[in-house]
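The values are calculated or read from the model by the stated rules, or taken from the named source; none is laboratory data. Keep in mind that this is a model prediction, so the values were computed, not measured. Cβ coordinates were reconstructed from backbone atoms using ideal geometry, including for glycine residues, and neighbour counts include every protein chain displayed. Ligands, DNA and RNA are excluded from the accessible area calculation, which covers all protein heavy atoms including side chains. Shrake-Rupley method; radii C 1.70, N 1.55, O 1.52, S 1.80 Å.
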Amino acid sequence: MNQSINPHDLGAHAVADDLFTPVDPAAFNAVSPPIFQTSLFTYDSYEAMEDVFAGRTRNYIYSRGDNPTVREFELLVARLEGAEDGRAFSSGTAAITSTILSLVEAGDRVVAVRHLYNDVYRLLVKLLARLGVAVDFVDPADHDEVRKALSGAKLLYLENPTSFVFELQDIAALSAMAKEAGVTTIIDNSWATPLFQKPIQHGVDIVIHAASKYLGGHSDTVAGVVVGSKEAIARINATSYPYVGAKLSPFEAWLLLRGMRTLRVRLKEHERSGLLLAGRLKEHSAIGRVRHPAFQEHPGRATLTGYAGLFAFDLNPDIDVARFVNSLRDIRLGVSWGGPETLVVPAKVALQIPDRMTSFIRFGVSEQTVRFAVGLEEPELLWSDLQQALHAAKR
């Protein structure tokens, strides 16, 4: 027999009230920050909504703009870097693109260190060229060349160390030159993280992280974040962020917050294993060169208080690169870095990326170069794997 059922008898009303009651982030003394997995936020009245839209009060509107979980992550990175504010993105490249677009316009010129992450290189030489922005690549060790290039430029883009080559820069000296020329300085600090390098303390204006790497630390999130002065972040918020649409999701922000709780412990292990293996590779008869910042006598080491687990090494000509990689048993072949797993990327593969072969070869990278991201496995296990693969790959 059909009977009508009163929802109140099942506690439906009480459940609905609970679901739609806002929760204080500090409620229940939760040890982990909550995920505000919502696309929008509502208001109690017309007047309340009007005040927010008119800028008279602050409140969340829509998660493409701001979200409490994402905001927690932005402010955490800003605090670690000694910055005033931050803005998170759906990838490191999105953070870089939005930051640069907030600073340049047609007719401007960008100065960048001569060896950069592949996609940043292509962003500078392809997208900016279409927008009428010129780019000069400089040798960061040649301060006369840098000073000359900075005259009339809009921004200086740095990485310390650089990708694949792991070339160091004296970021304090370069930042001082940029300030003297009225040029904004941006640096990618993904390799060192705020724990091993704090560029703002050395004069850099804006710091960017591919948060997919060490900040997240678990190879399960793609994200980016930029931090700097309130003015710099406000400019990004006003000129590029709302229109690019590359927002960070609340769940990924929560994963990043989770990962950063172990950042200090993880980085110490990456550093310990990385230095151990880099030192052994340096002495191995099958290795021609190890590209690790610890082995460079350069002023750029002064701003580093530690070393990440990412570096590169050059195999001798009598070692077959493909055979070496295919002989690895525990070390895996893959892009990115900063997670628990140890990875290799051969330059012989990376050289196939359009427009990069000339640049790679120009700066000393050859088909025998292999980038090595040391994970969190037992280092003796990794060393055993490297030894047997080097032996198997000898021509």
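Scoring residue 273 on the criteria (1) farther than 27 Å from residue 201 by Cα; (2) in contact with a Ser or Thr (Cβ under 7 Å, 6 or more places away or on another chain); (3) not hydrophobic (A, V, I, L, M, F, W, C) leaves a single failure, condition (2).
For the condition over 21 Å from residue 186 (Cα atoms), in contact (Cβ under 8 Å) with a residue 40 or more places away in the chain, of a type outside the set (D, E, K, R) and touching a strand residue (DSSP E or B) at 6+ places or on another chain (Cβ under 8 Å), residue 281 qualifies. Taking the range 234-246 as the range and being surrounded by 22 or more Cβ atoms within 10 Å (Cβ to Cβ) and within 22 Å of residue 37 (Cβ to Cβ) as the test, only 241 passes. Restricting attention to the range 326-342, the residues that are within 18 Å of residue 391 (Cβ to Cβ) and among the polar types (S, T, N, Q) add up to 2. Looking at the range 26-44, can you tell me whether even one residue there is in contact with a strand residue (DSSP E or B) (Cβ under 8 Å, 6 or more places away or on another chain), part of a strand (DSSP E or B), open to solvent by 70 Å² or more (accessible area, probe 1.4 Å) and modelled with pLDDT of 80 or more? Yes - at least one qualifying residue is present in the range 26-44. Taking the listed residues 83, 88, 78, 48, the one that is modelled with pLDDT of 95 or more and in a helix (DSSP H, G or I) is 78, with no other qualifying. The set of residues in the range 102-118 that are in contact with a Phe, Trp or Tyr (Cβ under 7 Å, 6 or more places away or on another chain) and either surrounded by fewer than 21 Cβ atoms within 10 Å (Cβ to Cβ) or assigned to a helix (DSSP H, G or I) (or both) contains only 114.
What residue, among those in the range 63-75 that are assigned to a helix (DSSP H, G or I) and open to solvent by 40 Å² or more (accessible area, probe 1.4 Å), is nearest to residue 203 (Cα to Cα)? Write out each step before concluding.
If we filter the range 63-75 for residues that are assigned to a helix (DSSP H, G or I), which is where we start, we get 68-75.
Cutting the leftovers down to open to solvent by 40 Å² or more (accessible area, probe 1.4 Å) gives us 71-72, 75.
Details: 71: 25, 72: 25, 75: 20 Å.
Out of the qualifying residues, it is 75.
Residues that are farther than 25 Å from residue 313 by Cα and open to solvent by less than 30 Å² (accessible area, probe 1.4 Å) within the range 125-170 comprise 128, 133, 146, 149, 150, 153, 155, 156, 157, listed in sequence order. Scanning the range 51-62 for residues that are assigned to a loop (DSSP other than H, G, I, E, B) and either within 16 Å of residue 248 (Cβ to Cβ) or under 34 Å from the mean Cα position of the chain (by Cα) (or both) yields 55, 57, 58, 59, 60, 61. The set of residues from the range 171-202 being of a type in the set (Asp, Glu) and buried (at least 22 other Cβ atoms within 10 Å of the Cβ) comprises just one member, 188.
For the range 76-101, give me each residue that is at positive phi and crowded, with 24+ Cβ neighbours inside 10 Å.
In the first step, residues of the range 76-101 are kept if they are at positive phi; the result is 82.
Within the range 76-101, no residue meets the criteria.
Selection of the range 292-339 for residues being part of a helix (DSSP H, G or I) and of a type in the set (S, T, N, Q) yields 303, 326, 327.
Out of 289, 258, 280, 272, I need the residue that is more than 24 Å from the chain's Cα centre (by Cα) and either buried (at least 20 other Cβ atoms within 10 Å of the Cβ) or assigned to a helix (DSSP H, G or I) (or both). Which one? Before the answer, list the steps.
Numbers: 289 fails: either buried (at least 20 other Cβ atoms within 10 Å of the Cβ) or assigned to a helix (DSSP H, G or I) (or both); 258 fails: more than 24 Å from the chain's Cα centre (by Cα); 272 fails: more than 24 Å from the chain's Cα centre (by Cα).
Checking each option against the conditions leaves just 280.
Number of residues in the range 299-328 that are open to solvent by 50 Å² or more (accessible area, probe 1.4 Å) and within 16 Å of residue 170 (Cα to Cα) equals 4.
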